[in-house]
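Have a look at the structure below before the remarks.
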Amino acid sequence: MDNAGPPLGTAAAVKYRICMRIQPIGSSDLTASNLILGLMRIKELSDAEIRDLVATARGAGITMFDHADIYGRDHACEERFGSALNWSATEREQVVLQTKCGIRWGWFDFSAQHILESVDASLKALQTDYLDVLLLHRPDALVEPEEVAAAFDSLAASGKVRHFGVSNHTRGQLELLRATVDQPLLVNQLQLSLTHADMIAEGVALNMRHDQSVVRTDGILDYCRLTNTTVQAWSPFQSGDGSGPFLGNRERYGELNDVVDRLAAEYGVTPEAIATAWITRHPARIQVVLGTTRPDRVEAAAAGSDLELTREQWYEVFRAAGYIVP
């Protein structure tokens with residue numbers, strides 16, 4: 001049954017209580033919060049600011065933290081994270097650390113040598129003995145699945161990486177890897193927001209002579225659901241066309257902001273929570289990657305972890321974002 005939420009047209013009497021949803025990652029026994037803190041912008045933060053950001057996330061129930069070797073260039077953000085936190089073994093066991101590799105500067109590299117060297121550098125930078133999840137970042141057109149398989153076998157056998165996945169991969173690219181790689185590929189990290197939702201919207205307008213009907217994603221969302229691959233949504237508040245965040249951008253997204261603001265008032269949350277809840281409401285059980293460096297925005301979004309919009313509300317937001325519902 002849909003959560004009815006507060007009565008429509010009335011303001012919520014109290015602020016919505018944060019309840020962080022914990023879910024399995026892919027088909028594994030690994031579990032994590034459905035919100036992830038992304039650390040791609042922490043290079044210039046002080047140690048105290050990094051600790052405050054992470055402490056706020058942990059206090060809100062976030063257990064998973066996302067990195068990449070490329071963030072800040074040459075593992076710089078990973079290094080800032082590891083140095084600022086300096087977690088004990090017990091503290092480390094309480095969180096899920098994920099990083100990505102494969103992007104070089106102007107080219108991509110899924111060679112076994114690069115994967116292994118990148119993981120070793122990430123472990124050193126993060127000051128940890130293992131990674132919970134390693135993702136292959138953007139697809140390498142020159143990928144040789146046998147090399148990926150050899151690297152993953154070595155990393156799994158040594159205990160340096162416990163789980164694996166990909167980022168920004170198509171259905172065919174995942175199938176190609178899965179035909180050779182023995183380790184389950186649990187994750188596909190993909191761009192998704194209210195205003196960049198082709199993977200959802202194109203199926204709603206199937207077989208119509210409308211731009212929304214054009215298949216741009218090759219059914220990647222349904223494929224991930226069928227194969228129990230967890231989708232992680234990056235840039236959840238970005239427009240997707242380079243124009244920046246859609247929240248607060250009334251000139252470009254006036255109707256959307258009106259609807260989001262009204263629902264935020266009704267639930268007693270911020271617009272960030274509604275934008276987050278729109279993604280987490282989807283039955284694919286999508287994780288949302290927050291890329292902010294502001295603790296207040298982490299707290300704001302966290303209220304959307306388990307806020308279940310009604311079907312009517314979800315589609316109202318969808319229409320306000322500019323999509324058709326035939």
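The values are calculated or read from the model by the stated rules, or taken from the named source; none is laboratory data. These numbers were taken from a predicted model, which means no experiment stands behind them. With ideal geometry, Cβ positions are generated from the backbone for all residues, glycine too; neighbour counts draw on all protein chains shown. Just so you know, the surface numbers come from the protein's heavy atoms only, side chains and all, with ligands and any DNA or RNA stripped out. Shrake-Rupley method; radii C 1.70, N 1.55, O 1.52, S 1.80 Å.
Among the residues of the stretch 156-171, the ones that are surrounded by fewer than 22 Cβ atoms within 10 Å (Cβ to Cβ) and of a type outside the set (S, T, N, Q) come to 6 in all. Scanning the stretch 256-275 for residues that are in contact (Cβ under 8 Å) with a residue 24 or more places away in the chain, in a helix (DSSP H, G or I) and more than 14 Å from Ser239 (Cα to Cα) yields Asp258, Val259, Val260, Leu263, Ala265, Glu266, Tyr267, Pro271, Ala273, Ile274. Exactly one residue out of Val317, Val215, Val289, Val231 is β-branched (Val, Ile, Thr), surrounded by fewer than 16 Cβ atoms within 10 Å (Cβ to Cβ) and within 30 Å of Thr170 (Cβ to Cβ), and it is Val215. For the criterion of being touching a strand residue (DSSP E or B) at 6+ places or on another chain (Cβ under 7 Å), assigned to a strand (DSSP E or B) and among the charged types (D, E, K, R), Arg162 passes.
Here the stretch 177-187 is the region considered, the condition is being part of a loop (DSSP other than H, G, I, E, B) and of a type in the set (Val, Ile, Thr), and the residue that is surrounded by the fewest Cβ atoms within 10 Å (Cβ to Cβ) is Thr180. Here Leu174, Leu221, Leu190, Leu247 are screened, and the one residue that is assigned to a strand (DSSP E or B) and open to solvent by less than 50 Å² (accessible area, probe 1.4 Å) is Leu190. As a summary of the residue check, Ile324 satisfies the conditions (1) of a type in the set (A, V, I, L, M); (2) in a loop (DSSP other than H, G, I, E, B); (3) crowded, with 16+ Cβ neighbours inside 10 Å except for the one numbered (3). Number of residues in the stretch 50-86 that are part of a helix (DSSP H, G or I), under 19 Å from the mean Cα position of the chain (by Cα) and buried (at least 18 other Cβ atoms within 10 Å of the Cβ): the value is 7.
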